[in-house]
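Enquirer: Quick one: the structure is below, questions incoming.
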Amino acid sequence: MYLIRKDIIVRNVNVEGIVTNVSPLRIGAGRDYINIVSSAKVMLLRDSNLNPYIPGSSWKGVFRSTGERIAKEKGIKVCTGLTRETCMDEHKSDFEHYIREHQIDEAKELVWESTCLNCKLFGAPSLSSALLFFDSLPSKYNIGVRAMIAINRRTGTVASGALATVEYVEPGAEFHFRVLGSNLPNYAIGYLIKIMRYLHEDLSQVGGYKSRGFGFIRFKELELKVVHRSDVSGSGTKLKALDEYDADSEYVEGKFDGDTFFKNMRNLEEVFDSAKLEYPV
């Protein structure tokens, strides 16, 4: 159960590369945000230098929701991650009791047996995430502005006062992407890569206005690096199984374009595809 342990590190996983958008991209700042240098009414989220960026929290939400769909396609039970809908909500009182009584082994066993793959990876109340998503800052971009209208879902007509000018990042921008994982079994690495491939192959989107074709991306210059505790996790590109659901595997070193990267990492995806993930119980 290394995946849920925070007191020991046996493996660090780093996936890093470049994200480019092939359709308009919008990570919104909310309607109360005002940028005096822009003619738009609905602004992009920007950093302190007024550059648009993709926050790590947005990546985490996209990965969790995409992963939820992938897991359900495979028949794996996962929760939504929403407030009061996580695996840990149901077991919070028992977990807190074990912690108060310093019954640490019992607390770890409860978490391992009672939480879904998404809670283990992305976190839940009283359970830290095994993944750290960095903010994606741009290396190049252009901002576009267009008029948008909202449709009343009940009547099918244009909503009153719905016309607004909206900022977006034009296609062809480039953002740095990085995610770190601690103690990820091989099936979890494969799951992470499969989620990325879904995004790369237009099976999932990033940001807002998805129904209008926004948010399609591609990955490039991707690289996977794994740092091991060799007696437990493996060495070099050889990856040992970390728990009873896992299988030995390996990966290919180097920096690759998106299509080549996902082809090279197919064996890790296959570990996830074949894993008999039976929890939660």
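Laboratory data are not the source of any read-out in this text; all were calculated from the coordinates shown. Owing to the predicted nature of the structure, the values given are computational and were not obtained by experimental measurement. So basically every Cβ, Gly included, is an ideal-geometry build from the backbone, and we count neighbours across all protein chains shown.
Enquirer: Computed on alpha carbon atoms, what radius of gyration and Dmax characterise the stretch 2-274, expressed in Å?
Expert: Rg and Dmax of the stretch 2-274, Cα atoms, are 20.7, 65 Å.
Enquirer: Hey, what number do you get for the chain at 222 nm if only DSSP H runs of n ≥ 4 count, each worth -39500 (n - 2.57), divided across all residues, to the nearest 500?
Expert: -9000 deg cm²/dmol
Enquirer: If you rank S126, S48, S136, S211 by fewest surrounding Cβ atoms within 10 Å, what's the result? Kindly include the intermediate steps, with their values, before the conclusion.
Expert: Numbers: S126 15, S48 5, S136 21, S211 8.
Going from sparsest to densest Cβ surroundings: S48, S211, S126, S136.
Enquirer: Let me ask another. With the crude spin-label approximation of a point 7 Å out along Cα→Cβ, what separation in nm comes out for E101 versus N14?
Expert: With each label placed 7 Å out from Cα toward Cβ, I get 4.3 nm.
Enquirer: Also: So between K276 and K108, what do we pick up on full extension, going 0.36 nm a residue minus the alpha carbon distance?
Expert: Values: separation 168, 0.36 × 168 = 60.48 nm, distance 2.05 nm.
Extending this stretch completely gives an extra 58.4 nm.
Enquirer: To continue, here is another question. Going by C-beta contacts inside 10 Å, put T237, T66 in order with the fewest on the left. Walk me through the numbers before you get to the answer.
Expert: Numbers: T237 12, T66 20.
Ordered from fewest to most neighbouring Cβ atoms within 10 Å, T237, T66 come out as T237, T66.
Enquirer: Also: What size of dipole, in debye to the nearest 20, comes out for the stretch 2-274 about its Cα centre when the only charges are +1 on Lys and Arg C-beta atoms and -1 on Asp and Glu C-beta atoms?
Expert: 1180
Enquirer: Of I104, T237, F261, which is farthest along the charge dipole of the chain in the positive direction, counting Lys and Arg as +1 and Asp and Glu as -1 at C-beta?
Expert: F261
Enquirer: Moving on to the next point. Can you list the residues of the stretch 181-219 with backbone N under 13 Å from a point 7 Å past the Cα of E174, pointing along Cα to Cβ?
Expert: Flagged as within label range: 219.
Enquirer: Return a whole-number percent for the relative contact order of the chain, with Cα pairs under 8 Å and 6 or more residues apart as the contact set.
Expert: Numbers: 571 pairs, mean separation 85.0, N = 281.
Over the chain, the number comes to 30 percent.
Enquirer: On a straight-distance basis, which lysines could pair with K240 in a cross-link, Cα separation under 26 angstrom, same-chain partners fewer than 8 positions away excluded?
Expert: K6, K74, K77, K108, K120, K194, K225, K255, K263, K276
Enquirer: Hey, got a sec? Which GluC sites (Glu not before Pro) in the stretch 76-119 land in a DSSP loop and have at most 11 other Cβ atoms within 10 Å?
Expert: Working: sites: E85, E90, E96, E101, E106, E109, E113; in loops: E85, E101.
Here the GluC sites (Glu not before Pro) that fit, given the DSSP loop and packing criteria, are E85, E101.
Enquirer: Now for a separate question. Considering only L117, N186, G28, whose Cα is most displaced toward the positive end of the charge dipole of the chain, charges sitting on Cβ of Lys, Arg (+1) and Asp, Glu (-1)?
Expert: Checked the options; the winner is G28.
Enquirer: What's the extension gain from S128 to D257 if we count 0.36 nm per residue and subtract their Cα-Cα distance?
Expert: Values: separation 129, 0.36 × 129 = 46.44 nm, distance 3.16 nm.
Full extension from S128 to D257 adds 43.3 nm.
Enquirer: Taking 0.36 nm per residue of separation and subtracting the Cα-Cα distance, what length does fully extending K210 through D135 add?
Expert: Numbers: separation 75, 0.36 × 75 = 27.00 nm, distance 2.06 nm.
The span from K210 to D135 would gain 24.9 nm if fully extended.
Enquirer: Let me ask something else about it. Can you tell me the 0 to 90 degree angle between the C-alpha axis of helix 104-114 and the longest principal axis of the chain, rounded to 10?
Expert: Here the helix axis deviates by roughly 60 degrees.
Enquirer: OK, next. At 7 Å along the Cα-to-beta-carbon direction for both N267 and K92, put a label point, then send me their distance in nm to one decimal.
Expert: About 4.4 nm, to one decimal.
Enquirer: Check each of the trypsin sites (Lys or Arg not before Pro) in the stretch 172-280 and keep only those in coil by DSSP with at most 14 other C-beta atoms within 10 angstrom; list them in order. Show your work: numbers first, answer last.
Expert: Numbers: sites: R178, K194, R197, K210, R212, R218, K220, K225, R229, K238, K240, K255, K263, R266, K276; in loops: R229, K240, K276.
Listed in order of number, the matching sites are K276.
Enquirer: Which of F219, V42, W59 sits closest to the plus end of the dipole of the chain, meaning its Cα is farthest towards the positive end, when Lys and Arg get +1 and Asp and Glu get -1 on the C-beta?
Expert: Final value for the positive-end residue is V42.
Enquirer: At 7 Å along the Cα-to-beta-carbon direction for both K77 and E201, put a label point, then send me their distance in nm to one decimal.
Expert: 2.8
Enquirer: In the stretch 172-194, which residues have a backbone nitrogen under 13 Å from the label point lying 7 Å from L50's Cα in the Cα-to-Cβ direction?
Expert: none
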